[in-house]
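Each remark here refers to the structure printed beneath this line.
Values quoted throughout were computed directly from the atomic coordinates according to the rules given, and no laboratory measurement underlies them. A quick note: this is a predicted structure, and the numbers were derived from the prediction, not measured. Glycine gets a Cβ as well: all are built from the backbone with ideal geometry, and neighbour counts include every protein chain shown.
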């Protein structure tokens, strides 16, 4: 019964009674205590392990909304505008021109032997190439023999080459579809916009399967990315959790060297609300330390940049129609009522403020029917909520997980096109949430934006767009709040705050091991804090060796 | 191969939309009972229990439920395209797909996807409306615009539950404003002839000759016509789709002035003309409501579309 005591340059505990410590004692994967060496020596025999003596320890970071699909997508060619680190630690430089996109795809095509095999890329961001849209002729330079398809960063556009169009029978004139722009020759340009236009191309470009269902190599890659970003617990927020996926996840996450705790939510899909509750209750009983099951995910609307989020009056800044419901309100209410009655938590995707309003109405109605103490129903994204809605969330006992990464990646578009200046400045209102007393998490929605809670914290602290505009000075939060939000804050939304999220006696020995001190680098440098690796359940995972 | 040795043409898809409780499930079950030898493939959206009467179910495997009379059912969820492809690959291939949209889906968006697929052709969009509640739904703060758009995208609106509504005429008049291009059919218990929902079966064999409207199901009439050779099929289709003709559907084959056979289909205001399958014989079936459709007007349209006569306007 020997403790291991790690001295560190600094330990940020998130325990307000002693916010900082110099040593942490660990036994059996849990924290015996944090304090001085003298204090910890009082627990009995110990070995001193000074490998972190020059590091900064934080509670293991908690990503409250991501998808293990981030790991799956790295099997395809990264075509993003911004630099992005893959699970092996290689940083793929952002592609600054269409020529560079073609070049990277061509290199990948050169490595494929079967000439007919589709080549798939992901994370293209068409808005960054000026007035020039990527078209099929660009991708024809990659190959005229094999179908090529590149998924947009938003997930709402698929760019394809002529071969893919030909295979789908769409390389023809006379198409009349709002999601299929035509060139001067009357043929599609190769840009397929929206799920309706994308769907016919899926089978020919390798994007036909359900990307949200977890696959084993993808899960392993995802876990490696967690180590590299200091994450010890990450949500897999929208899985339908079929038996075979659950069996695989139970097996893989129980391996002695699997480095992350995955909280996998059961997306409402393909079953009745009654069956959903029964499935989730059964899943909850399968939970093990590194795989937590038993929470429901519901989706109320679409996305803002895809113009499918439900906005309240006066709607989209550019006049686009008011978006789509992804679930009939009656069904959402029924899920809430049954979940409240059964004591099951529900996380709901609401992007637009009308979707948020509906969720609030449904939670209120369900609570009147089934008063449910400490339900912690959580709104995910909830990007456009206004102050009144945050006050309602607080009164209803709800949590919110906001999406500040949007400010960096699409903030300029939100300002100029989607929601307009005023609402762009209040989007992802972290300061209002905290001031209203709504328990707050912030997230990346990886793979929509890269996994990395320190980057997400930087976004919440600075609210800078890609072009350098500060979008909503008033909603910036401080570094201390941001760091608490990416640890205890996110843990709270999964009812795990008693177990993880801070470094104090009795909790899991989950640490983010950092080279730099996020409390002293300044908010502007938060995203540049270097991650050495993690400690998860007392096991040590250096990023360099993962 | 289809009977008679012809290659099967694209598989027709009829989209059934409308908000929850409007009667989509009742309609689909009624169509299955009246399939009368048609092999219907029913696609239901992801929500909930299979909305098919258990008396119609014969067997179920992972993805496909076998129903009486050679019909099948599957759910499609978010994977519409691959589910459709699976149905098209069945042997024997279904004759017609009946695609139930989710309560909040826009049938027009689904039709856009169907229109992009090689092996399928959109037949039409049927949207059900609950006569008792549709106006309240259309004014709902969350649902209003969704319900109104669904209605506006319809070729045919089945105004259902008319027996429960206080003033179905007023609802029908209101629908005329919300969905100006749709034909409106009143119903109880989604009780309509299958030909009004799915059209007539025209696999290329001659339709029964007989230049007359005849009683069909109560309230409906069907005219089986034998159009002369030398008709401009586009002009004829446009004339038959004109709201003034009050036709629900028209379908058949006509001979162009150059002798080629064209297939013509009209659903409400939507019309399509395509090349007829080999061996098709001329004939045209029109379906309308008994108190609305006028056989003389249809015959006038045919005369107008004969070679030389160009439609005006």
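Rounded to the nearest 500 deg cm²/dmol, what is the calculated helix-only ellipticity per residue at 222 nm for chain B, with -39500 (n - 2.57) per DSSP H run of length n ≥ 4?
Counting only the DSSP helices, I get -7000 deg cm²/dmol.
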Counting only other chains, what is the mean number of Cβ atoms within 10 angstrom of the Cβ of each residue in peptide A:168-176?
2
Counting each DSSP H run of 4 or more residues in chain A as -39500 (n - 2.57), what helix-only mean residue ellipticity at 222 nm follows after dividing by all residues, to the nearest 500 deg cm²/dmol?
-8500 deg cm²/dmol
Under a plain spin-label model, where a point goes 7 Å from the Cα along Cα-to-Cβ, how far apart in nm are residue A:528 and residue A:220?
3.6
Over all distinct Cα pairs, what is the inverse of the mean 1/r for the protein assembly as shown, reported as the Kirkwood hydrodynamic radius in Å?
29.3
Tail fraction, Cα-Cα pairs, segment A:215-267, threshold 12 Å, whole percent
64
If we sort A:98-106, A:419-427, A:261-269, B:257-265 on the protection proxy, mean other Cβ atoms within 10 Å, highest first, what's the order?
A:261-269, A:419-427, A:98-106, B:257-265
When you look at the Cβ of every residue in B:143-152, what mean number of other chain Cβ atoms sits within 10 Å?
2
Taking A:472-479, A:428-435 and ranking on average Cβ neighbours within 10 Å, highest first, one gets A:428-435, A:472-479
Quick one: pull the percentage of alpha-carbon pairs in chain B with a separation above 31 Å.
29
Taking Cα atoms, the helix A:353-369 axis meets the longest principal axis of chain A at an angle in degrees (rounded to 10) of 50
With a bin width of 5 angstrom, please list the P(r) values of segment B:66-214 as percents of all Cα-Cα pairs, from the 0 bin to the one holding the largest distance.
2, 8, 15, 18, 18, 15, 12, 8, 3, 1, 0
Given a Förster distance of 35 Å, the FRET efficiency implied by the Cβ-Cβ spacing of residue A:395 and residue A:282, rounded to the nearest 0.05, works out to 0.60
Mean separation of Cα pairs under 8 Å and 6+ residues apart, divided by the residue count of chain A: what relative contact order is that in percent?
17
Its Cα gyration tensor gives segment A:387-546 an equivalent ellipsoid whose semi-axes in whole Å, largest first, are 27, 20, 13
Using Cα pairs under 8 angstrom and six or more residues apart, how large is the relative contact order of segment B:34-107, in percent?
43
Which order do the peptides B:162-172, B:282-292, B:296-306 take when ranked by the mean count of other beta-carbon atoms within 10 Å per residue, highest first?
B:282-292, B:296-306, B:162-172
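Can you run the Rg to Rh ratio on segment B:226-313? Use alpha carbon positions and the Kirkwood inverse-distance Rh.
On the Cα set of segment B:226-313, Rg over Rh gives 0.94.
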What is the pair-distance distribution P(r) of segment B:227-277, computed from all Cα-Cα distances in 10 Å bins starting at 0, with each bin given as a whole percent?
30, 54, 16, 0
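Remind me, relative contact order of segment A:358-497 in percent, using alpha carbon pairs under 8 angstrom and six or more residues apart? Provide the component values of the computation, followed by the final result.
Values: 226 pairs, mean separation 36.0, N = 140.
Computed over segment A:358-497, the figure is 26 percent.
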Per its Cα gyration tensor (rounded if a/c is under 1.5, else prolate when a/b beats b/c, else oblate), segment A:36-144 is best filed as prolate
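Going from the alpha-carbon gyration tensor of segment A:414-487, what semi-axes, largest first and in whole Å, does one get by taking the root of 5 times each eigenvalue?
19, 16, 11
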For segment A:216-536 (alpha-carbon point model, no solvent) the Debye-based log₁₀ I(q)/I(0) at q = 0.07, 0.10 Å⁻¹ works out to -0.26, -0.54
Assuming 0.36 nm per residue, please report the length gained on full extension of the stretch residue A:274 to residue A:30 beyond their Cα-Cα distance.
84.1 nm
Calculate the spin-label point distance for residue A:521 paired with residue A:495, positioning each point 7 Å from the Cα along the beta-carbon direction, and give it in nanometres.
3.5
For segment A:283-442, the Debye formula with one identical point scatterer on each Cα and no solvent gives log10 I(q)/I(0) at q = 0.13, 0.21 Å⁻¹ as -0.59, -1.33
Under 4 °C and 1.567 mPa s, how fast does segment A:242-373 diffuse according to Stokes-Einstein, given a Kirkwood radius computed over C-alpha pairs? Answer in µm²/s, whole number.
80
Contour minus Cα-Cα span, residue B:174 to residue B:62, at 0.36 nm per residue, comes to 36.0 nm
Working from Cα positions, state the angle (0 to 90°, nearest 10) between the long axis of helix A:98-110 and the longest principal axis of chain A.
80
Here the whole-number average of other chain Cβ atoms within 10 Å per Cβ of A:325-336 is 4
Calculated FRET efficiency, residue A:341 and residue B:82, Cβ-Cβ r, R0 35 Å, to nearest 0.05?
0.45
Here FRET efficiency (C-beta to C-beta, residue A:1 to residue A:251, R₀ 25 Å, nearest 0.05) is 0.25
Overall dimensions of segment A:75-205 by Cα: Rg and Dmax, Å
14.0, 47
Quick check on segment B:1-125: take the gyration tensor over C-alpha atoms, sort the square-rooted eigenvalues as a ≥ b ≥ c, and tell me if it's rounded (a/c under 1.5), prolate or oblate.
oblate
